[in-house]
Amino acid sequence: MEGEAVIGLEVHLPVNKLASKLFCSCPIPKEGAEPNTHTCPTCLGFPGSKPILNESALKLVLKFASALNAEIQKEVVFSRKVYFYVDMPRNYQITQYEIPLGVGGFVSLSNDKKVALKRVHLEEDPGALIHPNGVGSSNIVLVDYNRSGIPLCEVVTEPCIKSPEEARDFLKKLLSIIEYLGLFDPANGTLKCDANISIKDSGYTRVEVKNVSGFKEVESALQYEILRQKKVVKEGGKITMETRGWDAKNGATYSLRKKETEEDYGYIVDPDLSIIDVTPAMMAEAKSEVPELAYDKAKRLAEDYGISLDDAGVLAAEIGLADLFEKVAKEINPVLAARWLRRELAKILNQSKKSLEEVKIDEKYLIELLDLFEKKKINDKTTKELMIKLVSEPFSPKKYVEEKGLVAVSDTSELEIFCKKVIEENQKVVEDYKNGREQALNYLMGQVMKLTHGRASPDIIKALLQKLIG
Amino acid sequence: MNIKQHIEKINKQEINAVEFTYKALDEAKKINGEYHYLNVVSEELAIEQAKQLQKSLSKKNFKGKLAGLPISVKDSICVRGVESAAGSKILKGYKPLFNATAVQRCIDEGAIIIGKTSQDEFGFGSFSTNNSDGAFKIPLNPFDKERVTGGSSGGAAGLAQKADFPHVSLGESTGGSIACPSSFCGVVGLCPTYGLVSRFGLIDYGNSLDKIGPIGKSVGDCEAVLEVISGYDEKDSTSMKQELKKGKVEKVGLIKSFFNVDKEVKEAVMKTVDRLGVDYEEVELPIMAKYCIPAYYVLATAEASTNLAKYCGMRYGSHLPLEGNFDEYFTAVRSEGFGAEAKRRILLGTFVRMAGYREAYYLKAAKVRTKIIAEYKETFKKFDALVNPTMPMIAPKFEEVSSLTPLQNFMMDVSICGPNLAGLPHLSVPCGFSKKMPIGILFVGDHFHEKSLIELGRRAEQ
């Protein structure tokens, strides 16, 4: 689809790892918290209450804006965006309008393309609506204000993304930065996205798809919308400016409202919040606190440890994985360590649906395990099994292997006896192999493995068998 | 007895706080029956506070700066557990979960909260006659029941005049709502510098303009309460850490165009000026005089229209039976719950901030405001304070008020609007009578120069 579509994204990230909400001291609720238990007069908008800015949220988002290479503005100004909606305690949202925290900036993609940003700003989340019998079939709607006032960071790109795949890569890179900065806890909130999409065939008439959750969904919604627009044009129809919703269940967008003009929110500067001067010291602090991010880290890992840029990229995408790698690579051959971490460990975590943060794997034991493998004390299969075990519980692989007698049979004289036995008992197969059937050797290897209970290295068996058969 | 003597007697336990409070409440209720100064008499709370105070005095060696002083609180200022409706039907039944900081600070110093004073709905008015289409009783002038108290803190000023017991009222001014009723009711009203007194717990009208201040019988009474309620508060982001400046009263400027008023009003004010013992000369602030009213009404209503968005019949205040969708429901609640003036200001305030008009009105008004502040600042290089008649006339009769157009209505505040728009402290002090109705003189100071105003006020009231 390259070159045919123009996409701009507006990403909303809950800044939900903080101790409290954006304008009050209510703690940020965990997923599944009882409705309306994390509220106070301020986040319920009671008359007489006043918002007070959470300075940690400001600091964190300033850091984020720096990490996105945005230009931090000299004043922090909040505005009121007025519209009536049930989940809005004051019927206006405190957000940023004329002056966002950061202007410009970019995010580097895997293909080294830079996605240009328009702005980065800070705002509050409204409450959440609960439809007891599902949307459309409930005659009442319940409101949970637990979410009301959770800080949201909005990142708006220029319309410079060329494909759904690129959009997905952008979001992945954005998530990685957020993870590096400790801004967002995905267990307690969702990344939400509004996307503007237009295609060449329609003369770039802009359609907005609102409120898509999660980056895989964004890719699907964009793919669907581009195909839909192409089909409309192909069939002689016309694309009109409109806002569409995303039905994730059926994988389709649907029209919400035609857009004759931009919505008019009657913004005014929020007179309850004094304007904060961002001092050069604050800017410098925000900049200095940005850690080495994935893009740079990948380059460094590849250079310092002599691993492939591909491996380095996968490791660096997750800060926990990259940190673990660096610890392990000090003791173990980095190429081997990289392979085990990016392939096996990542696969195990993926299958067990756990994050590295959750399992808290002890690098001491991981080093022991990979050391055993590197020294050929255990084979590939045992290493994998023990790694699975390490993900679920801490233990010393070295002791375990000794106790359970899992040390690989690497004594060739002992192995030779097994190999000879197998050759003797499978003369016909040996003949096949001699006649050029390569697979026959695999069968013989399997038989030897069986006799050694899987403790031998396949490479050694293979070499021995070839030598013995001649 | 001024409040200082009363407080001393309470602290020394020469007066029993509980017995005194019962008497004060009885008197307040009696006055209220006739003049309608209180939307709520918080009898239970007052007695409870008095009992607590008496206990602290006798057992804990407590001494309070406002010990045993009955304080009435404008309806728009939150008192925990007491209906605080800001004079609007839409907030009927709203009992805040917290005290406004100003109220809490008074309570901490031993004050007794006796009730919520009547006002124009959300502070929208100059006569306290905008009573949310009849939802509240209209306060009557203490000197003549056929005349208005002024507004919007009308109940506060009326009670401050009429109560014979020691008492101070907490009023609130957005565009002149402390000075105007103080002048019409013959009491002292002190509106502090914006940011000196915390707005936490104030039901907003125009957040960048709202100021809580005392209304009382004397400058000294107001000063004592201001001392307690002022100072930085972490619960209000616009609260200031600044200390008050040292008082200095050598030269004042008389704002010439504001002396073009009723003859008797002018004479009374000039007589008082002569007694001040300071140099004075005439001065003009042309930008302020010409543009303060339009700039004020654009900014105040723009802010008000967003503040009032929250009133939609959910969570608190008045509700209707649940019918229709959300849009239909909240439209019905708001149509029913807001009075005519509130609706006018919502419409005006929404209009001036909409795309296409925002530049021409809201943003321009903000720029004008900056220019007005600059003009004042320039003037204060030459003068320690500015002086003019608080109001151009005595309190009008109800029938006179009802014939005013909205614009004439807005223009009533021209002589008190400027300092409000610029966040400047101002003090209205009674300075004579015309047709047996009180006249007020207004002193306006530079930011945080309340002490100069208090000194001038003292000289004026002698």
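What to note about this one:
- Note on residue A:166: accessible area is roughly 20 Å² with a 1.4 Å probe, heavy atoms of protein only.
- Other protein chain Cβ atoms within 10 Å, averaged over every residue that makes up B:298-305: 2
- Gap separating the Cα centres of segment A:413-470 and segment B:359-374, nearest whole Å: 92
- Taken over the Cα atoms of segment B:380-462, the convex hull encloses 97 Å³ per residue.
- Candidates B:260, B:318, B:365 compared by Cα position along the dipole of segment B:256-386: farthest toward the positive end lies B:365, with charges placed on Cβ.
- Taking all protein chains together and rolling a 1.4 Å probe, residue B:331 ends up with roughly 70 Å² accessible.
- Taking amide H atoms as placed 1.01 Å from N in the peptide plane, the amide H of residue B:38 lies under 5 Å from those of B:118, each 5 or more residues away in sequence or on another chain.
- Whole-Å distance, taken between Cα centres, linking segment A:23-71 and segment B:77-123: 27
- For segment A:294-404, carbon and sulfur atoms together expose 48% of the accessible surface, with a 1.4 angstrom probe and every protein chain in place.
- Global geometry of the protein assembly as shown, whether rounded, prolate or oblate, following the gyration tensor of its Cα atoms and the 1.5 cut on a/c: prolate
- Other protein chain Cβ atoms within 10 Å, averaged over every residue that makes up B:196-207: 3
- Burial of 50 Å² or greater, segment B:208-256 residues [accessible area, probe 1.4 Å, versus chain by itself]: B:237
- Chain B: equivalent-ellipsoid semi-axes (sqrt of 5 x gyration tensor eigenvalues, Cα, Å): 30, 29, 20
- If R0 equals 45 Å, the separation of the Cβ atoms of residue A:231 and residue A:353 corresponds to a calculated FRET efficiency of about 0.75.
- Ordered from largest to smallest accessible area (heavy atoms of protein chains, 1.4 Å probe), the residues A:279, B:117 come out as A:279, B:117.
- Here the accessible area is traced with a 1.4 Å probe on the protein chains. For segment B:344-462, carbon and sulfur cover 60 percent of it.
- Working from label points 7 Å from Cα in the Cα-to-Cβ sense, the residue B:405 to residue A:330 distance is 8.3 nm.
- Evaluated at q = 0.20 Å⁻¹, a Debye calculation over the C-alpha positions of segment A:294-404 (equal weights, vacuum) places log10 I(q)/I(0) at -1.03.
- Surface accessible to a 1.4 Å probe, per residue, for the residues of segment A:294-404, Å²: 54
- Across all Cα atoms of segment A:93-246, the radius of gyration (one decimal) and Dmax (whole number) stand at 17.3, 51 Å.
- Karplus-derived HN-Hα couplings along segment B:178-186 (A = 6.51, B = -1.76, C = 1.60, θ = phi - 60°), whole Hz, x at Gly and Pro: 9, 5, 4, x, 4, 5, 5, 9, x
- Beta bridge orientation in segment B:13-120: antiparallel %, DSSP, nearest 5: 45
- Protein heavy-atom accessible surface, 1.4 Å probe, per residue over segment A:412-469: 61 Å².
- Packing around the peptides A:457-469, A:319-331, A:42-54, taken as the average count of other Cβ atoms within 10 Å per residue, puts them in this order, highest first: A:42-54, A:319-331, A:457-469.
- The protein assembly as shown - share of DSSP beta bridges that are antiparallel (%, nearest 5): 80
- Here is how the number arises for the protein assembly as shown: DSSP H runs of 4 or more residues each give -39500 (n - 2.57), the sum is divided by the residue count, and the result at 222 nm is -12500 deg cm²/dmol.
- Set against the 2.2 N^0.38 Å expectation for a compact globular protein, segment A:412-469 has a Cα radius of gyration ratio of 0.99.
- Of the peptides B:400-412, B:86-98, A:413-425, the ranking by mean beta-carbon count within 10 Å, highest at the top, reads B:86-98, A:413-425, B:400-412.
- Pair residue A:139, residue B:367: separation of 7 Å Cα→Cβ label points (nm): 5.6
- Placing unit charges on the Cβ atoms of the charged side chains and taking the dipole of the protein assembly as shown about its Cα centre, the candidate lying farthest along the positive direction among B:242, B:25, B:98 is B:25.
- Projecting the Cα atoms of A:83, A:29, A:53 onto the dipole axis of chain A, where Lys and Arg carry +1 and Asp and Glu carry -1 at the beta carbon, places A:29 farthest toward the positive end.
- Separation of segment A:231-307 from segment B:1-68 is 58 Å, based on Cα centroids.
- Charge dipole magnitude, Cβ of K and R +1, D and E -1 - chain A, Cα centre, debye nearest 20: 1060
- Placed amide H near residue B:440: partners under 5 Å, 5+ positions off or other chain: B:390, B:391, B:431
- Apportionment of accessible area to carbon and sulfur, segment A:412-469, percent (1.4 Å): 50
- Compared with its chain on its own, segment A:45-65 contains the following residues whose accessible area drops by 50 Å² or more in the full protein assembly (probe 1.4 Å; ligands, DNA and RNA excluded): A:46, A:47, A:48, A:50, A:52.
- Chain A - Rg and Dmax from Cα coordinates, angstrom: 28.7, 93
- List of segment B:338-358 residues, accessible area with partners at least 50 Å² below that of the chain alone (1.4 Å probe): B:353, B:358
- For the chain pair A and B, the buried solvent-accessible surface (1.4 Å probe, both sides summed) amounts to about 2800 Å².
- Cα-Cα P(r), segment A:1-157, percent of pairs per 10 Å interval: 11, 35, 30, 19, 6, 0
- Cα-based values for segment B:298-375, radius of gyration first and Dmax second, are 15.6, 53 Å.
- Lys, Arg +1 and Asp, Glu -1 on Cβ, resulting dipole of chain B about Cα centre, debye, nearest 20: 580
- Pairwise inverse Cα distances across segment A:267-355, averaged and inverted, put the Kirkwood hydrodynamic radius at 15.5 Å.
- Per-residue shielding of B:312-319, expressed as the average number of other chain Cβ atoms within 10 Å of the residue Cβ, stands at 3.
- Solvent exposure of chain B as accessible area per residue, Å², 1.4 Å probe: 37
The values are calculated or read from the model by the stated rules, or taken from the named source; none is laboratory data. Not measured: the values here are computed from a predicted model. No Cβ is skipped: glycine too gets one built from the backbone with ideal geometry, and neighbour counts run over all protein chains shown. The accessibility values were calculated without ligands, DNA or RNA, using every heavy atom of the protein model including side chains. Shrake-Rupley method; radii C 1.70, N 1.55, O 1.52, S 1.80 Å.
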